[in-house]
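Scroll down for the structure; my scribbles are underneath it.
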Amino acid sequence: MLYSSAQDWRDAPHKRVLFFGMSGLGKTHVSNMLRDGGQWFHYSIDYRIGTRYMGEYIADNAKAEAMKVPFLRDLLLSDSIYIGSNISFENLAPVASYLGKPGSLAKGGLEIDEYRRRQEQFRLAEIHALLDTEYFVDRAQRLYGYDNFICDTGGSICEWVDADDPKDPVLTELSNRALMVWIKGDDAHTKELVRRFDRAPKPMSYQPAFLTRVWDEYLNENNISESDVNPDEFIRWTYAQALAHRQPRYAAMAKNWGVTVTADQIAAATDQDRFTDLIAGAIDTALESRT
């Protein structure tokens, strides 16, 4: 770990943390709270993905749809209008919309091969954005004068790393730059995440092998063809399995590379002092478990 003890963390002139875990458990909430205190720089992986690494994909996809409308096509071809995405920390919908959902084209889905292509684009984009952490740690201090740093990752970070490999390149790089903090939910949180997702299903990113397995299982269990898949029903069916798939991967990341706090503890850390105390306790717990 970046900090050798709880006291080392408390005394550190530069506090650097990286949050990981399922979306909806408080990563961005606590990041915003610390940033709003004026002493922390907030680096959002999802925002970096949408602006730096997938911005052209997103804009080109919107332009392709606009080109289907004769009026907009003429304006685009004459450079009379500009189409771009309005991504912000609070609005990452353009990334999710581009990723899409596999299934019936008539129901707003994507052909599975196109869906896989976009998933691979996202995988590469997320890895690049994660590896940009070092640059933003330096930029935050050198350019803006922030001593403290937050890396707010997306829920899919666990899909691209091998936490049991002590030489995993992404985890090695990240753990050298920040203390990795898993925000862990309990069964009640999981039920609430499933309930929210069922009400408003959103695109997700999956490990290729996992996606292939659940896609094949869904087609076989429902005895349907790819073109008959209802996109929302598929990702609803997949979501609980994705949570179960990710949980042990997060746990291994925390065990081998960082510390664990609960979603309830994060919710109760309502200011910087409480957050500092929470992380100090998590470091003590992690060190005790490793002795």
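When restricted to residues that are open to solvent by 30 Å² or more (accessible area, probe 1.4 Å), within 16 Å of residue 273 (Cα to Cα) and either in contact with a Pro (Cβ under 7 Å, 6 or more places away or on another chain) or not polar (S, T, N, Q) (or both), the stretch 31-46 contains 5. Taking the stated definitions as given, is residue 234 assigned to a helix (DSSP H, G or I), buried (at least 17 other Cβ atoms within 10 Å of the Cβ), touching a Leu at 6+ places or on another chain (Cβ under 8 Å) and aromatic (Phe, Trp, Tyr)? For residue 234, the condition - assigned to a helix (DSSP H, G or I), buried (at least 17 other Cβ atoms within 10 Å of the Cβ), touching a Leu at 6+ places or on another chain (Cβ under 8 Å) and aromatic (Phe, Trp, Tyr) - is not met. Looking across the stretch 79-126, just one residue is surrounded by 18 or more Cβ atoms within 10 Å (Cβ to Cβ), more than 30 Å from residue 225 (Cβ to Cβ) and either in contact with a His (Cβ under 9 Å, 6 or more places away or on another chain) or among the β-branched types (Val, Ile, Thr) (or both), and that is 87. Per the listing 21, 50, 26, the residue uniquely touching a Pro at 6+ places or on another chain (Cβ under 8 Å), among the small types (Gly, Ala, Ser) and crowded, with 21+ Cβ neighbours inside 10 Å is 50.
Only one of the numbered conditions (1) under 25 Å from residue 181 (Cα atoms); (2) assigned to a loop (DSSP other than H, G, I, E, B); (3) open to solvent by 60 Å² or more (accessible area, probe 1.4 Å); (4) not aliphatic (A, V, I, L, M) is violated by residue 68, and that is (1). Filtering the stretch 9-18 to residues that are touching a residue at least 12 places away in the same chain (Cβ under 8 Å) and either of a type in the set (S, T, N, Q) or surrounded by fewer than 20 Cβ atoms within 10 Å (Cβ to Cβ) (or both) leaves 10, 13, 14.
The values are calculated or read from the model by the stated rules, or taken from the named source; none is laboratory data. Remember, predicted model here, so these are calculated numbers, not experimental data. Virtual Cβ from ideal backbone geometry, glycine too; neighbours counted across all protein chains shown. Keep in mind that these areas ignore ligands, DNA and RNA; they rest on the heavy atoms of the full protein, side chains included. Shrake-Rupley method; radii C 1.70, N 1.55, O 1.52, S 1.80 Å.
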